[in-house]
Structures are given as C-alpha cells and as structure tokens.
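The next block holds one structure in the form of structure tokens; read it before the comments.
The values are calculated or read from the model by the stated rules, or taken from the named source; none is laboratory data. Predicted, not measured: the structure shown is a model, and the values here were computed from it. Using ideal geometry, Cβ is built from the backbone for each residue, glycine included, and neighbour counts are taken over all protein chains shown. Please note that ligands, DNA and RNA were not included when accessible areas were found on the heavy atoms of the full protein model with its side chains. Shrake-Rupley method; radii C 1.70, N 1.55, O 1.52, S 1.80 Å.
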Amino acid sequence: MPPLLPIRVLQPSSDFLFITQTGLEQEHGIQTKIRKHVMKEIGRSRRKTENYQKDNQIHVELEVPEDFTRQETRPEPNVKDLVRKSKSNEQILDAINELPISSVAGSFLLKGASGPLQVIPSKALAFLQLSRAAKDTELPRVERLWTGRMDPFIRYPIKMNQRTLQLMDHIFDDRYGNTPPFRNVWFPVGLIDAGGFHQLLSNASLNMAALRARGHEPETYESLIHHHQAVAIVAQKLTDPILATSDGILGAIVGFACYAHVHLDLKSWRMHMDAAKVIVIKRGGMEKLAPLLQMIIFWVDVGGSATADQKPLFPPPADIITSTLYAAILESPLSHKISKSWVEAYPDHVSIIDIMNDMRSYSYCLSQEVERTRGGIYREDALASTLLPLLHHLLSLSVNGASPVQQRLNIIRLSCILFLAGIRRLFAIMGVFCKLQVSKLKDYLKLQPGDWGSLEPLKAWCLAMGAMEAIGVTREWYMDELEASRARLGINTWEEMLEKFRGILWYEPTHTRTFRDICDGIDKSESW
C-alpha cells in the first residue's frame with residue numbers, strides 16, 4: 001500500500017479571486033450593485049486624474065482691442081443682381097462729373113512720400129473706426145511673418161474665403177517675379193475700400209491665369225465676378241459725395257482701367273481714365289494725391305497710352321520720380337555720328353536724340369544692376385518706374401503730320417517704343433502690346449523708301465526693332481527691307497549688323513537672342 005501524501009491547502013491568489021456560482025440567476029438589481037462595487041475604485045482613480053489635469057491647466061485669455069472687432073462696412077451687393085442693380089460705366093462717369101468740388105474737403109487723403117501708408121480719416125473708411133478729429137493713423141505694414149508669405153493679422157475690407165486667400169498668397173509669391181507691383185503698390189491701395197480690393201483680386205486672378213497660359217492673358221470667370229462686384233460697390237458709393245472722390249474709389253477706378261487694358265478694351269480703358277482724371281481735378285491735381293495713387297495712375301496711364309499710341313493724360317509724378325537710373329556714358333563713334341547728322345538735318349527736333357541718349361544710359365545702368373543683383377533687379381517695381389518716364393516722353397512726342405520730317409520723327413519715336421517693349425517684359429509688366437506701333441512703323445517706312453544717306457544705319461536699326469516685334473508676313477516684310485539696308489551699308493553678315501546695332505542702341509539680354517532667332521528664321525512670337 002503506497003504511503004499517504006500530505007494534504008496541501010491551496011491559497012487563493014492575491015490578484016484575482018474566482019468565484020463559481022451555481023444555481024438560479026440572481027435578480028437584475030443585485031447584478032447592478034455588484035458592478036458598481038467592482039467599478040468603484042476604477043471610477044475614483046479616473047476622477048482623480050481628471051481633476052489633476054484640470055487644476056494644472058494654464059488658462060490664457062486674449063483681449064482683442066475693440067477697434068479690431070468693430071466693423072461698420074456696408075453690405076456687399078449680390079453678384080446675381082449686378083446686371084439689374086449696378087450702374088453702367090457711363091453712368092459712373094456721369095455721377096463723378098456731377099460731384100461738387102466742395103466734396104473734396106470731406107474726402108480722405110493718403111500721405112507720406114517715404115513713410116508707410118497713412119490715412120487722414122473720414123467716414124469713407126468706416127472699417128478703420130477713425131474719427132474726423134483723430135490724427136493721422138498709420139496703416140499696418142505689409143510684411144511677412146515667420147515662414148509664411150503673408151501677415152496673418154492683416155484686416156481685409158471683405159470677408160475672406162479659401163480661394164481669396166489663395167489669390168492673396170499668389171500676390172505675395174515671388175517665384176514668378178511679377179508680383180512686386182501687386183504687393184507693394186496695388187495691395188495697400190486695395191485695402192482701403194472693398195471695391196478696390198475686389199478689383200485687386202480680379203487682376204490677381206488674371207495674372208495667375210496668364211502665368212498658366214501662352215499668348216494673350218485669358219479672362220476667367222473668377223476675375224469677371226470680382227470685377228463686377230467691384231463695379232457694383234463703386235456705383236453704390238458714388239451716391240455719397242464724400243466717398244465718390246476718396247482714395248479708395250479712385251484706386252478702384254484706376255484698377256478698372258488696368259483690367260480693361262489687359263483685355264485690349266481701349267475704349268473702356270480711356271473711359272475709366274477720363275473718370276479718374278475728373279476725380280484728380282476735383283482733388284486739386286496729382287500733387288495732392290498719395291504717392292502710391294500717383295504711381296498706379298502713372299503706370300496705367302502710360303501702359304494704356306503706349307498700346308493706343310497716344311499722348312498720356314497725366315504728367316509724370318515729379319514727387320516720386322525725382323531721379324532716374326541714368327549715368328553719363330561715352331557715345332560710340334557710330335552713335336555720335338548719327339546724332340551729329342540728325343542735329344544738322346533736323347535742328348528743331350533734337351529732343352528725340354536726347355531721349356535716345358537717356359535710353360542708352362538707362363540700358364547701361366540696368367545691365368550693371370542685373371550683373372550686380374544676378375537678375376534680382378527685375379523683381380523691383382521701383383526700378384521699372386524709372387523706365388516709364390522715358391516711355392512717357394516718347395508718347396508725348398507723337399505728331400500727326402504728313403511732312404517728311406514728321407514722318408521720319410515718328411519712325412524713330414515708334415522704334416524707340418518697340419525697343420523699350422522687350423525691357424518692360426523683363427520686368428514682367430502685364431499688357432505690353434505693340435501691334436499698333438509695328439503697323440504704324442511699317443506704314444511710315446513705306447513713305448521713306450531708299451537710302452537715308454548718313455542716317456542709313458539708324459534706318460536699319462528701326463527695321464530691326466520692327467522685325468523683332470512683328471509676326472508672320474509683317475516680319476517677313478521687315479526682314480526683306482533690313483536685308484536691303486544691309487546691302488546698302490556694305491555689310492556681309494548678320495553678326496556684323498548686330499555689332500552696328502550695339503553701337504547705336506541695344507540691350508543685350510532681350511535683343512541679341514531675338515535678333516539672332518529671326519535672322520535664322522526661328523519664330524519666337526508666341527513666347528512674346
């Protein structure tokens with residue numbers, strides 16, 4: 001018989017206690033009590049953790065200044081009712097003409113030629129909450145913060161959405177090199193009034209569409225919507241004699257002219273510029289306006305006048321363009337010979353030679369700046385403005401006459417405008433159209449056939465300017481005439497001809513490659 005084993009008593013585990021229940025199920029109330037008893041410690045532990053976190057939270061209360069939250073802007077019109085409610089452009093111009101000059105006294109002015117944008121308050125800027133007795137208030141600078149392109153604290157005159165913020169981001173995007181005018185000039189003016197801001201968005205949408213397309217800048221549905229919203233807002237505010245001559249309305253109307261010019265609607269461009277001229281007269285002249293307003297008026301006036309080949313409506317803003325990027329450089333022997341021959345033949349029309357000398361100095365200084373900044377100078381809108389006074393002067397020399405002297409003067413003038421066209425494109429200026437100048441230059445050259453004698457190199461240079469801007473059969477005509485001129489000069493190759501042009505007036509970055517392409521029969525017109 002085997003020995004008896006000792007009896008071992010199994011002790012229950014300290015962690016778990018298993019209870020086996022037999023028999024009938026207990027009532028529902030008893031099971032609830034059991035669950036509450038089991039979950040008591042768990043719930044107590046959870047509440048302790050939550051109370052600890054709550055007691056140790058850092059509470060920060062941001063106080064928003066009352067001026068930043070209070071807005072009293074007028075409601076924006078519904079886009080669907082624009083056609084029914086908004087005034088036409090002609091009615092807007094009539095409303096401006098009927099305004100009394102005394103209304104200028106209540107309007108606000110932008111001030112500060114060198115400092116930030118400042119405002120003399122009036123009820124025209126209700127969203128800034130400034131009283132008429134307040135002092136000049138500095139508008140926020142347009143700056144970049146941290147790694148973003150925009151200042152996140154900018155107060156816009158309209159309610160922004162995701163798409164309008166994308167357009168703002170495009171305005172601050174430097175990758176394309178054509179946004180400094182939007183950011184530095186148009187954007188501060190657009191912040192003044194909802195109408196001007198909608199037009200800013202419209203033109204920004206056009207610019208974005210132009211970067212994605214080739215050839216003529218397309219009109220988009222988005223740009224059209226913002227444009228009509230701007231027109232409706234301006235038409236509504238023209239009923240107020242104070243708002244009608246304000247900086248915000250003036251900036252919006254100039255924006256309308258820019259919009260029309262980009263679409264080659266020169267009739268609407270002229271109508272809006274006439275309206276702007278009426279407001280400027282009622283304000284006391286260009287010198288009474290803010291520097292930024294003077295600049296945008298000057299830009300749009302010169303740009304549209306160049307496309308229409310007519311004299312500008314406004315003088316250059318002397319308070320802004322005080323100095324130009326010119327330098328005294330020595331003339332080449334060929335340019336000196338041409339200048340001397342012209343002065344001897346046409347002593348009453350030496351101003352065109354003076355302009356060509358200024359253009360030669362400008363080209364030299366610009367090339368030096370390009371080398372120094374490695375092309376970054378093309379992103380500076382202020383430098384582009386030093387070019388526009390030259391273009392303004394050329395447009396002011398336009399003469400309507402049939403005499404041989406007047407014909408020859410117009411030939412040189414039109415050729416100089418075509419010379420500047422390529423440089424303007426390097427600054428990514430929108431709306432550089434030269435079709436009219438190319439056609440008029442061709443007509444004038446047909447009236448001046450044959451050898452020009454000592455001025456034959458100048459005629460060949462004019463033909464080259466026309467050929468580089470022409471397309472199709474018109475370019476073929478210019479090249480045939482240029483080849484005939486080369487034969488009269490006794491020049492054998494196009495490279496020798498290029499050296500001659502460099503001695504007259506030439507800008508290497510834009511003209512050399514284009515000239516070589518057209519001499520080789522390569523058509524680059526689509527990219528221009």
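Within segment 345-370, being part of a helix (DSSP H, G or I), at pLDDT 90 or above and acidic (Asp, Glu) holds for Asp354, Asp358.
For the residues Leu426, Leu441, Leu420, the requirement of being under 31 Å from the mean Cα position of the chain (by Cα), open to solvent by 10 Å² or more (accessible area, probe 1.4 Å) and touching a residue at least 24 places away in the same chain (Cβ under 8 Å) singles out Leu426. Identify all residues within segment 249-266 that are touching a helix residue (DSSP H, G or I) at 6+ places or on another chain (Cβ under 8 Å) and over 15 Å from Leu201 (Cα atoms); write none if there are none. Answer for segment 249-266, where residues must be touching a helix residue (DSSP H, G or I) at 6+ places or on another chain (Cβ under 8 Å) and over 15 Å from Leu201 (Cα atoms): Ile249, Leu250, His261, Leu264, Leu266. Whenever a residue of segment 354-376 is of a type in the set (Val, Ile, Thr), its partners that are at pLDDT below 90, lying with C-beta atoms within less than 6 angstrom and at least six residues away or across chains, give the pairs Val370/Ile377.
Suppose the filter is at pLDDT 90 or above and either open to solvent by less than 10 Å² (accessible area, probe 1.4 Å) or over 25 Å from Leu334 (Cα atoms) (or both); does Gln448 pass it? Judged against the criteria, Gln448 is not a match. Between Leu206, Leu313, the distinction of being hydrophobic (A, V, I, L, M, F, W, C) and open to solvent by 10 Å² or more (accessible area, probe 1.4 Å) belongs to Leu313 only. Residues of segment 240-267 that are over 21 Å from Gly284 (Cα atoms) and part of a loop (DSSP other than H, G, I, E, B): His263, Leu264, Asp265. Within segment 279-294, the residues that satisfy the criterion of being over 18 Å from Val185 (Cα atoms) and surrounded by fewer than 19 Cβ atoms within 10 Å (Cβ to Cβ) are Ile281, Gly284, Gly285.
Scanning segment 487-514 for residues that are open to solvent by less than 40 Å² (accessible area, probe 1.4 Å) and assigned to a helix (DSSP H, G or I), we see that the one that is farthest from Ile423 (Cα to Cα) is Met497.
The sole residue among Ser398, Ser385 that is of a type in the set (Ser, Thr, Tyr), within 25 Å of Asp173 (Cβ to Cβ), at pLDDT below 85 and open to solvent by less than 40 Å² (accessible area, probe 1.4 Å) is Ser385. Flag: Glu344 matches the condition of being acidic (Asp, Glu) and more than 21 Å from Tyr507 (Cβ to Cβ). Listed conditions (1) closer than 16 Å to Gly195 by Cβ; (2) under 21 Å from the mean Cα position of the chain (by Cα) are all met by Asp240, apart from (2). Restricting attention to segment 469-486, which residues are surrounded by fewer than 17 Cβ atoms within 10 Å (Cβ to Cβ) and part of a loop (DSSP other than H, G, I, E, B)? Of everything in segment 469-486, just one residue is surrounded by fewer than 17 Cβ atoms within 10 Å (Cβ to Cβ) and part of a loop (DSSP other than H, G, I, E, B), namely Ile471. Residue-level analysis places His272 among those that are open to solvent by 10 Å² or more (accessible area, probe 1.4 Å) and closer than 18 Å to Gln294 by Cα. Annotation note: of Arg144, Arg183, Arg175, Arg155, the sole residue that is at pLDDT 80 or above and at negative phi is Arg155.
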